[in-house]
Amino acid sequence: MASSYSFDVVSEVDMQEVDNAINQALKEIKQRYDFKGCKASIELSKDEIKIVSDDEYKLNAVIDVLKGKLIKRGVSAKALDISKIENGSLGSAKTTAKIINGISKEKAKEVVAEIKISKIKVQTQILDEKLKVTGKDKDDLQATIQLLKSKDFGIDLQFTNYR
């Protein structure tokens, strides 16, 4: 029997699913009546999505369609950090959505602080873009997972390598 158990807290995005969601959103936009004659585009480049449309109203509708497709593909809408909408020439509007992959140092410290406040008997380590949580009791680890699921840190958290 192991003397201690552990799991990792990560925030990962499956880029293939993001690409699939973008393709589905573009297909829906081409077919929808309210987008007839609209020049809407969604482009994926590395870890950023560029969204362009005729006006701010249609841009928000394109963003909603994209978020819906991402959620259906199993990618959390929290994985997108959408920047401020910029107005372009001829009334067009554009924005960029950065894909959040990994847990930043600030978010990791926030998660660790929340675990410490709860007084659950586990130890946490910040390792690059993930957290390792270890404890002597599996029940403490389960309680930690439930605690983190109940809180909103602004990012999508997954729990891996449960041992």
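Throughout, read-outs are computed from the coordinates displayed, never taken from laboratory work. This one's a predicted model, so the numbers in the text were calculated from it and none came from an experiment. When we count neighbours, we look across all protein chains shown, and the Cβ atoms used for this are built from the backbone with ideal geometry, even at glycine.
Could you please state, rounded to a whole Å, how far the C-alpha centre of the range 3-72 is from the C-alpha centre of the range 113-163? So the separation of the two Cα centres works out to 29 Å.
Quick one: length gained pulling I71 to D128 fully straight, 0.36 nm per residue minus the C-alpha distance? Walk me through the intermediate numbers first.
Numbers: separation 57, 0.36 × 57 = 20.52 nm, distance 2.67 nm.
Full extension of this stretch gives 17.8 nm more.
In vacuo Debye scattering of the chain, one point per C-alpha: log10 I(q)/I(0) at q = 0.20 Å⁻¹? So the normalised log intensities are -1.16.
Just to be sure I understand the model, the point goes 7 Å from the Cα along the line to the Cβ. What's the resulting K119 to K84 distance in nm? Each label point lies 7 Å from its Cα, and together they span 4.4 nm.
Near the amide H of S11, within less than 5 Å, lie the amide hydrogens of G102, I103, Q158, all on another chain or at least 5 residues away, with H placed in the peptide plane.
Counting Lys and Arg as +1 and Asp and Glu as -1, what is the net charge of the other residues whose Cβ lies under 13 Å from the Cβ of T144? Residues close to T144 contribute a combined charge of +3.
For the range 102-155, which GluC sites (Glu not before Pro) pass both filters: DSSP loop (anything but H, G, I, E, B) and at most 15 other C-beta atoms within 10 Å? When the GluC sites (Glu not before Pro) of the range 102-155 are filtered for loop state and at most 15 Cβ neighbours within 10 Å, E129 remain.
Take every Cα pair under 8 Å whose residues are at least 6 apart in sequence, average their separation, divide by the length of the range 1-105, and the relative contact order is 31 percent.
In Å³ and rounded to a whole number, note down the convex hull volume per residue for the Cα atoms of the range 15-99.
Working: hull volume 6.7 nm³, N = 85.
Here the figure is 79 Å³ per residue.
Among the listed pairs K39/K107; K39/K98; K30/K72; K121/K149, those whose Cα-Cα separation exceeds 26 Å are K39/K107.
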